[in-house]
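Encoded as structure tokens, the structure appears first; notes follow it.
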């Protein structure tokens, strides 16, 4: 089953969110307008808005409030991506030139600042102190993750714990916050918002691990950037961490990354594929998904719970 | 009278704010730690914290709450400075190398992001929705100002209105917010927080106009950067706007900026000085200061009101 099919019943709401995103990033400054539109059209799965919409249904659902939370979280995600691309010096994202490539780092910086400020402004309408407080903490962690990512690049001695902390901050916490804030903003009972947080957190971990696997197993066309890109940028992901337990593999990979040409990338990808690192990472992703599904048991049986369950299952199996 | 003397009675509180700022920007990541410390030590007058401390006294003063608001606003100011330096491509600030000069634009970007996230995190503790909402709006406007500044650089046809809108966003609104949030966070009566907002807004406008004057009238030693720097970066400030009403002046200035060498800068500064633009800007600054002082009349006679009055008077006369 496709992700879009699972939440087809949210299509109308998602369409309104899309409209609201477009309206929000609208600017009279031409570069900003073009850069924001570029980011918006690069799209992605809008998984954070979907989770907000579903989580909101465990409380006194309010379309307007939920839409605002959903738009705000997607904007924060977008802002973090555009700043991330500066830090990663990334040329492409989802097959499109990044803002920093098409313009420059300065434009990427202020586009991110602007989108982020818009997100805060929309969130300010939500009359829940605990929502604001949760969001601020999440943003702080995401920022720390952005910085750690630089520090930990090309660090061949990093531990599994370092990797997990990094993807927690990079991905899992904002997905967890989407679930939790969706629930908090409609005054869902606390046990529900906590279960949703655990669901989001564990699904987010599985999601990022899967992303890190796909960097080796998917095609350039599927990824929108060459396979092995993460590795060549020095991001030591889970499959790599597994592979470099073997010292010979580690030395070879270091050499190949040093070379950096097309053949070297292909060879590096092969080393990781042959190491068993993919199976290891898949197993860990599965474990997180099981935890996510387990968290759902704390929620009342309902259509929205079933949808979350289906999403988690698809996330675990996605091929790109 | 010196600024520091006027609020000498706040010294203990300011010391604690300084400690809290240091503790807050502490990071285990060495570059981030050094960059933040650099920013912190570049110092400045801590005018925003002072205003928060004074405004807070018009409500049920709470040292802890007020300290948090003060620290948060100073951090937001710091974050905006470090991103501003990227946009302005500024080499020096207050005589010190900027973060983007000492490291690079990437470090400046994530240092700003990090400090900003810390500010939000501290602010999240303040249990007032209207405070959060005011702050978000202010941040959005500050961001818009950051972007306008680029667009309006070297725009010789801009109007007085454009200039005023830009300094409003660049400076006045955050100073106004410092006064207002200081009052809101201690539950001061609404007419007081509104009067304080007007005071801060008008004083902020006067403050920035004075800054723009000093770029021409102060020495390199006083400024911590060469005189005429703003103009050479293409920032069309109030004295320049006045000077270029004369077409001959305008053409000469455009030529000189094109040249960009030391003699050209000195000549450009002289043209502005001889145009009468300084007197014109001083007059406008005085008008804003009078409005600021008038706003104070809406507040009960008190030591804090007297201190605000003295601050405004000194701001209007400062020579660097």
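We did not get these values from a lab; they are worked out from the coordinates using the rules stated. What you see is a predicted model, and the numbers here were worked out from it, not measured in a lab. Neighbour counts are summed over all protein chains in view; Cβ atoms, including those assigned to glycine, are modelled from backbone coordinates with ideal geometry.
Some notes on this structure:
- Cβ-Cβ FRET estimate between residue A:157 and residue A:262, R0 fixed at 22 Å, reported to 0.05: 0.20
- Sorting A:199, A:294 by the number of Cβ atoms found within 10 Å of their own Cβ, with the fewest placed first, yields A:294, A:199.
- Radius ratio Rg over Rh of the stretch A:48-176, counting only Cα atoms, Kirkwood formula for Rh: 1.01
- Just checking the listed ones, B:102, B:225, B:68: in the Gaussian network model of chain B with Cα springs under 10 Å, the one fluctuating most is B:102.
- Helix A:30-42 axis, angle to chain A major axis (alpha carbon atoms, nearest 10°): 80
- Mean-square fluctuations from a GNM of chain B, with a 10 angstrom spring cutoff on Cα atoms, peak among B:146, B:248, B:96 at B:248.
- Inter-centroid distance (Cα atoms) of the stretch B:182-255 relative to the stretch B:263-320, Å: 9
- Based on C-alpha pairs under 8 angstrom that are at least 6 apart in sequence, chain B has a relative contact order of 20 percent.
- Distances between copies at residue A:162, taken between label points 7 Å from Cα along the C-beta direction, are 5.0 nm in increasing order.
- Relative contact order of the stretch A:98-222: 22 percent, from C-alpha pairs under 8 Å at least 6 residues apart in sequence.
- In this simple spin-label model, placing a label point 7 Å from the Cα along the Cα-to-Cβ direction at both residue A:1 and residue A:190 gives a separation of 3.3 nm.
- Tensor-based shape of the stretch B:22-74 (alpha-carbon gyration tensor, a/c under 1.5 rounded, otherwise prolate or oblate): oblate
- Chain B, Cα convex hull volume normalised per residue, Å³: 121
- Approximate spin-label separation residue B:301-residue A:221, in nm, with each point projected 7 Å along Cα-to-Cβ: 8.4
- Shown for residue B:44: label points 7 Å from Cα along the beta-carbon vector, and their distances to the equivalent points in the other copies, 3.1 nm in ascending order.
- With respect to chain A, whose longest principal axis is taken over its alpha-carbon atoms, helix A:277-296 is tilted by about 10°.
- Listed residues B:168, B:134, B:305, most fluctuating in chain B (Gaussian network, C-alpha, under 10 Å): B:134
- A helix-only calculation puts chain A at -23500 deg cm²/dmol for mean residue ellipticity at 222 nm, using -39500 (n - 2.57) for each DSSP H run of at least four residues, averaged over all residues.
- Shielding by partners, peptide A:118-124 (average Cβ within 10 angstrom, other chains): 6
- Spacing of the two label points (7 Å from each Cα toward its C-beta) at residue B:60 and residue B:279, in nm: 5.4
- Figure legend: label point modelled 7 angstrom from the Cα of residue A:23 along Cα→Cβ; residues of the stretch A:109-123 with amide N under 14 Å from it are A:122.
- Between the helical axis of B:262-275 and the longest alpha-carbon principal axis of chain B there is an angle of about 80 degrees.
- Each copy carries residue B:102; placing its label point 7 Å along the C-beta direction from Cα gives inter-copy distances of 3.5 nm, listed from smallest up.
- The protein assembly as shown: Rg to Rh, with Rh as the Kirkwood radius over Cα pairs: 1.00
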